[in-house]
Structure formats: structure tokens, C-alpha cells
Amino acid sequence: MWLLFAFLSSIFAALTSILAKAGIEGVNSNLATAIRTFVVLLMAWGMVFLTNAQSGISEISRKSWIFLILSGLATGGSWLCYYKALQMGEVSKVVPIDKLSVVFTLILAFVFLHEEFTGKSILGCMLIGAGTLLMVL
């Protein structure tokens, strides 16, 4: 089931880029990010209440709170930079560079989470990096 959600995520991410580029014209990128974030906030809390998951808030550990807050800050930074890049550049060049996050994620997962870094994942990182360079140069 995770594979289905991963593919759906990639489709929604693609739509995000196209819809954002179409909508950001003439709009301050920070304001556009705030509007997007507000919509995401409504959707996320809507799902929490729709699935009756709000009771789990009191069970979240201090460690989880810290890492979820840090993750939110990283997301905010990513979105602010992404919208500014979209406003200034072409989608076909911004998105491939943004997707270098896959390479950075694999490296960080190896260093901090001690996940396995196989020959296959090293080759994949190299191909993603090379593909990104090919697309943006």
C-alpha cells in the first residue's frame, strides 16, 4: 500500500509545481507560500478530525514533538525557497534541482539513521545527480 501512496505523492507533487507556477505570477512568493500552507493546514487538521485521530495528541512524546517541530521548520524553509525559485526560474529547471532532495535524504538517512547504503543506492544517487545536471544545463 505504501507504494500506491508514494506514487500518488509524486503525482500531487508534480501538480503542485505546475499549479504553483501558474498561480504565483504577480504574487509575492512568501505570500503564496503562506496561502499554500494555510490550505495544507486546513486539509491536515480536517483529516485528523475526519479520522478521529485528535485524541492521540496527548500521547505524543517530547522527543516526537521536538522532531515534528523541526521537520515543520524544515518544510517551511523548503517551501519558501521552492516558491521563490519557481517565481524566478523555469519549472523544468527548478523541479529537478528540488528533487536532489532524494540524494540528500539518502545520505542523511545513512549518516543519522544508520540506514543501509548499498551499491544500488549509491548508483541511484549518482544517476539522479547526473540526470539533474543534464536537465538544468
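The values are calculated or read from the model by the stated rules, or taken from the named source; none is laboratory data. Bear in mind the structure is a predicted one, so any value in this text is a computation, not a measurement. Every residue, glycine among them, receives a Cβ derived from its backbone with ideal geometry; neighbour counts consider all protein chains shown.
Output the number of residues of the range 82-117 satisfying the condition of being hydroxyl-bearing (S, T, Y) and farther than 17 Å from E25 by Cβ.
Of the residues in the range 82-117, 2 are hydroxyl-bearing (S, T, Y) and farther than 17 Å from E25 by Cβ.
Kindly indicate which of E25, E90 is more than 20 Å from the chain's Cα centre (by Cα) and under 23 Å from A14 (Cβ atoms).
Only one candidate qualifies: E25.
Which residue out of T132, T75, T105 is in contact (Cβ under 8 Å) with a residue 12 or more places away in the chain and assigned to a helix (DSSP H, G or I)?
So the residue among T132, T75, T105 that is in contact (Cβ under 8 Å) with a residue 12 or more places away in the chain and assigned to a helix (DSSP H, G or I) is T132.
Any idea which of S58, S10 is closer than 25 Å to M126 by Cβ, assigned to a helix (DSSP H, G or I) and outside the structural domain of I128 (by TED's automatic domain parsing)?
Selected residue: S10, the only one of S58, S10 that is closer than 25 Å to M126 by Cβ, assigned to a helix (DSSP H, G or I) and outside the structural domain of I128 (by TED's automatic domain parsing).
Cβ-Cβ under 8 Å, sequence separation 6+ or interchain: first residue in the range 41-60 and without any contact (Cβ under 8 Å) to a residue 40 or more places away in the chain and among the β-branched types (V, I, T), partner surrounded by 10 or more Cβ atoms within 10 Å (Cβ to Cβ) and part of a helix (DSSP H, G or I). Which pairs?
So the pair list comes out as V48/Q54; I60/L68.
Among the residues of the range 93-121, what is the count of those that are more than 14 Å from the chain's Cα centre (by Cα) and of a type in the set (D, E)?
Qualifying residue count for the region: 2.
Could you go through the range 19-30 and let me know if any residue there is in contact (Cβ under 8 Å) with a residue 12 or more places away in the chain, part of a helix (DSSP H, G or I) and over 14 Å from L86 (Cα atoms).
No, the range 19-30 contains no residue that is in contact (Cβ under 8 Å) with a residue 12 or more places away in the chain, part of a helix (DSSP H, G or I) and over 14 Å from L86 (Cα atoms).
Being β-branched (V, I, T), closer than 23 Å to L137 by Cβ and surrounded by fewer than 14 Cβ atoms within 10 Å (Cβ to Cβ) narrows it down to one residue among I18, I69; which is it?
Matching residue, one of I18, I69: I18.
Could we say that T75 is surrounded by 12 or more Cβ atoms within 10 Å (Cβ to Cβ), more than 21 Å from I97 (Cα to Cα) and among the β-branched types (V, I, T) here?
In short, no.
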